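S.K.: Following this message is one structure expressed as structure tokens.
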Amino acid sequence: QIRRQLGCGFTFFSNAAKARSIGAEGSISAELTDGVNLDLAVGYVDAQLQRDLPQVGRKGDSLPGVPSWTVSSALDVERPINDRLDWFGRIDASYVGKWDSTINPLDPLNRPGGDYALVNLRLGLAGKGDQNWRIAAFVNNAFDKRAIVGTQGNLFGDYQFINRPREIGLQANIDF
């Protein structure tokens, strides 16, 4: 199903004739050394119309809202400071490829999105043994990237949904 907008501004959903989505995903996790782990994941999707859809798109046009590529990675480190205390850190990054909000990218109602990378950082301390606590400083969206993660156009306006801005904080956990 696809979202279609009438000339009067109202939107409705209709069937998009015939569509096909094929792709592949892969991920790997590795313990590089004791306390150092690396995760990588990649996804590819080729989603397109299989028949012409009058006034909307032609066979072979990409489906709306579907990025061709997604990639994510994370590096986790946890090391002892002494017999009662560990330090830990994490850096993770993700990438979402470009996508269009309409089947036809030349449609004046098309609002492209995607094509962004986000990075998060975390550094903290953790108690060992009978000390079940963790405290961490974090920065989400470290480079304060403003990315379009969704769009909507209708009678009430033309909207772009943006990810959260940079977020800096402190998190404390106690297990009991």
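S.K.: Please verify whether Asp86 is acidic (Asp, Glu), open to solvent by 40 Å² or more (accessible area, probe 1.4 Å) and out of contact with any helix residue (DSSP H, G or I) (no Cβ under 8 Å at 6 or more places or on another chain), treating the condition exactly as stated. Lay out the reasoning, then the answer.
M.R.: Working: acidic (Asp, Glu): yes; open to solvent by 40 Å² or more (accessible area, probe 1.4 Å): no; out of contact with any helix residue (DSSP H, G or I) (no Cβ under 8 Å at 6 or more places or on another chain): yes.
Taking the combined requirement at face value, the residue does not satisfy it.
Here's the yes/no breakdown for (1) within 18 Å of Asp100 (Cα to Cα); (2) in a strand (DSSP E or B); (3) among the hydrophobic types (A, V, I, L, M, F, W, C):
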position: Arg4; (1), (2), (3): yes, yes, no
position: Ala17; (1), (2), (3): no, no, yes
position: Asp46; (1), (2), (3): yes, yes, no
position: Lys59; (1), (2), (3): yes, no, no
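S.K.: Now for a different question. Determine whether region 108-122 contains at least one residue that is in a loop (DSSP other than H, G, I, E, B), within 30 Å of Asp34 (Cα to Cα) and in contact (Cβ under 8 Å) with a residue 24 or more places away in the chain.
M.R.: To start, the set of residues in region 108-122 that are in a loop (DSSP other than H, G, I, E, B) comprises 108-112, 114-115.
Still in the list and also within 30 Å of Asp34 (Cα to Cα): none.
No, region 108-122 has no match at all.
S.K.: Select from region 89-107 the residues that are in a loop (DSSP other than H, G, I, E, B), more than 30 Å from Val36 (Cβ to Cβ) and not basic (Lys, Arg) and write down the one among them that is least open to solvent (accessible area, probe 1.4 Å).
M.R.: Going residue by residue through region 89-107, those that are in a loop (DSSP other than H, G, I, E, B) are 97-98, 100-107.
Now drop any that are not more than 30 Å from Val36 (Cβ to Cβ), which leaves 98, 100-107.
If we keep only those that are not basic (Lys, Arg) too, we end up with 100-107.
Numbers: Asp100: 31, Ser101: 33, Thr102: 25, Ile103: 9, Asn104: 54, Pro105: 69, Leu106: 153, Asp107: 49 Å².
Among those that are in a loop (DSSP other than H, G, I, E, B), more than 30 Å from Val36 (Cβ to Cβ) and not basic (Lys, Arg), it is Ile103.
S.K.: On the basis of being out of contact with any Leu (no Cβ under 9 Å at 6 or more places or on another chain) and open to solvent by 80 Å² or more (accessible area, probe 1.4 Å), does Asp175 make the cut?
M.R.: Criteria met by Asp175.
S.K.: Given the residues Ala24, Ala41, which is the only one that is surrounded by 15 or more Cβ atoms within 10 Å (Cβ to Cβ), part of a strand (DSSP E or B) and out of contact with any Leu (no Cβ under 9 Å at 6 or more places or on another chain)?
M.R.: On the way: Ala24 fails: surrounded by 15 or more Cβ atoms within 10 Å (Cβ to Cβ).
Being surrounded by 15 or more Cβ atoms within 10 Å (Cβ to Cβ), part of a strand (DSSP E or B) and out of contact with any Leu (no Cβ under 9 Å at 6 or more places or on another chain) holds for just one of Ala24, Ala41, which is Ala41.
S.K.: So Arg146 fits all but one of (1) part of a strand (DSSP E or B); (2) within 14 Å of the chain's Cα centre (by Cα); what number is the exception?
M.R.: That leaves (1) as the condition not met.
The values are calculated or read from the model by the stated rules, or taken from the named source; none is laboratory data. Small disclaimer: the values here were computed from a predicted structure and weren't measured. Every residue, glycine among them, receives a Cβ derived from its backbone with ideal geometry; neighbour counts consider all protein chains shown. Just the protein is used for accessible areas: all its heavy atoms, side chains included, with ligands, DNA and RNA removed. Shrake-Rupley method; radii C 1.70, N 1.55, O 1.52, S 1.80 Å.
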